[in-house]
Amino acid sequence: LEVARHLVGKSIQVVTNSVPVVNLLANQPQIELVVIGGYVYPKTGVALGPMATAALAGVNVRRLIMSVGGINERGLYNSNTLLAETERAMLATTEQVIVVADSSKFGHRALAHLCGLEKVHRVVVDSGISTEWRDLLANAGIALTIAEV
């Protein structure tokens, strides 16, 4: 949702499964909004499951901006298996993967593995990221952006 706030006023096409993002962007005349439907997980307000996965199979996006529950040397993780299934479908539709996560997610995993680090093109994180992780991302060819919070 924080990333979506920066899209307000821009001329852009957005594909999302997030009800909070839809609520934020639906009345923005410059934004072409494509909504992915499915079972809405009440804890996060995102559409998940087979309907979302099927809808995602019909789209192609240039950039996927996603958050994760954990990041370690093996890759990206999330804590809900339906969310992970939907995010894997998103990963299959995109040219570029941008992960937005706070530094506490690094070095941790969660219930479901999404993909390896080789799928990630850029990571946006706060300044608390360790030197070890900065080096690991650089060695993997992943661009790093430190966001001011």
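The values are calculated or read from the model by the stated rules, or taken from the named source; none is laboratory data. The structure presented is a predicted model; accordingly, all values stated were derived computationally and were not measured. Virtual Cβ from ideal backbone geometry, glycine too; neighbours counted across all protein chains shown.
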Next item on the list: Considering (1) out of contact with any Phe, Trp or Tyr (no Cβ under 9 Å at 6 or more places or on another chain); (2) surrounded by 14 or more Cβ atoms within 10 Å (Cβ to Cβ), say which one GLU95 fails and leave the rest.
Entry: (2)
Next item on the list: Just give me the residues in region 53-82 being surrounded by 16 or more Cβ atoms within 10 Å (Cβ to Cβ) and at pLDDT below 95, in sequence order.
Entry: ASN80, LEU82
Check: Do we have any residue at all in region 94-104 that's closer than 29 Å to GLU148 by Cβ, modelled with pLDDT under 95 and not aromatic (Phe, Trp, Tyr)?
Finding: no
Checklist line | Residues of region 99-122 satisfying the condition of being over 19 Å from ALA89 (Cβ atoms) and either touching a Phe, Trp or Tyr at 6+ places or on another chain (Cβ under 9 Å) or in a loop (DSSP other than H, G, I, E, B) (or both) | finding: ALA101, ASP102, SER103, LYS105, PHE106, GLY107, HIS108, ARG109
Notebook entry, point to check: Which members of region 9-36 meet the condition of being exposed (fewer than 13 other Cβ atoms within 10 Å of the Cβ) and not in a strand (DSSP E or B)?
Noted result: GLY9, LYS10, SER11, ASN23, ALA26, ASN27, PRO29, GLN30
Check: What residue, among those in region 110-149 that are touching a helix residue (DSSP H, G or I) at 6+ places or on another chain (Cβ under 6 Å) and more than 24 Å from GLU85 (Cβ to Cβ), is surrounded by the most Cβ atoms within 10 Å (Cβ to Cβ)?
Finding: VAL125
